[in-house]
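First up is the structure itself, then whatever we jot down about it.
Taken together, the values in this text are just the output of simple stated rules run on the coordinates, not laboratory data. All figures in this text were calculated on a predicted structure; none of them were measured in a lab.
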């Protein structure tokens with residue numbers, strides 16, 4: 001009887017691993033093959049339980065479970081208060097540097113408005129319960145300022161030779177200085193309940 005070597009092996013003497021994988025690829029279950037039903041049971045191969053990458057998990061809450069104020073409708077407030085902060089601050093800086101003696105009260109009030117806007121913007125971006133409360137206080141100050149200065153400019157226009165952000169209830173800014181604090185107060189109140 002001739003001795004067989006691996007290169008002269010007959011096709012019938014294939015390695016068991018190859019036979020199992022070929023048969024498994026054809027959809028036939030082979031007893032004892034990986035993923036096949038247990039001996040004595042009927043059925044198909046067991047489901048594959050290996051971990052596969054799935055959709056990314058939603059971002060985790062910030063450290064300490066901080067209340068997110070700049071999400072959802074808060075994004076609009078971040079945008080508006082960002083624009084108003086830059087606009088009021090640059091206007092106040094230019095007016096104070098170039099023509100402060102013409103209308104000092106108006107220019108100082110514009111600078112105060114810019115500071116209030118900046119604090120509200122910071123509290124919206126920062127988030128958290130403390131920032132929410134600070135934002136509410138500043139929105140209340142903003143609303144009070146708009147109502148007081150708006151009324152003052154109508155009652156005694158000579159006190160304001162030049163307009164402020166809050167003059168005439170923010171008419172020069174499409175009344176946004178009057179509407180924004182009211183809407184932001186509602187948003188900050190709703191964010192507390194969420």
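Multiply the residue gap between residue 133 and residue 176 by 0.36 nm, knock off their C-alpha separation, and tell me the result in nm, one decimal place.
Numbers: separation 43, 0.36 × 43 = 15.48 nm, distance 2.17 nm.
So the extension gain works out to 13.3 nm.
Using 0.36 nm per residue of separation minus the Cα-Cα distance, give me the extension gain between residue 100 and residue 151 in nm, one decimal. Walk me through the intermediate numbers first.
Numbers: separation 51, 0.36 × 51 = 18.36 nm, distance 2.28 nm.
Stretched out fully, the residue 100 to residue 151 stretch lengthens by 16.1 nm.
Give me the extension gain from residue 125 to residue 185: residue separation times 0.36 nm, minus the current Cα-Cα distance, reported in nm with one decimal.
20.1 nm
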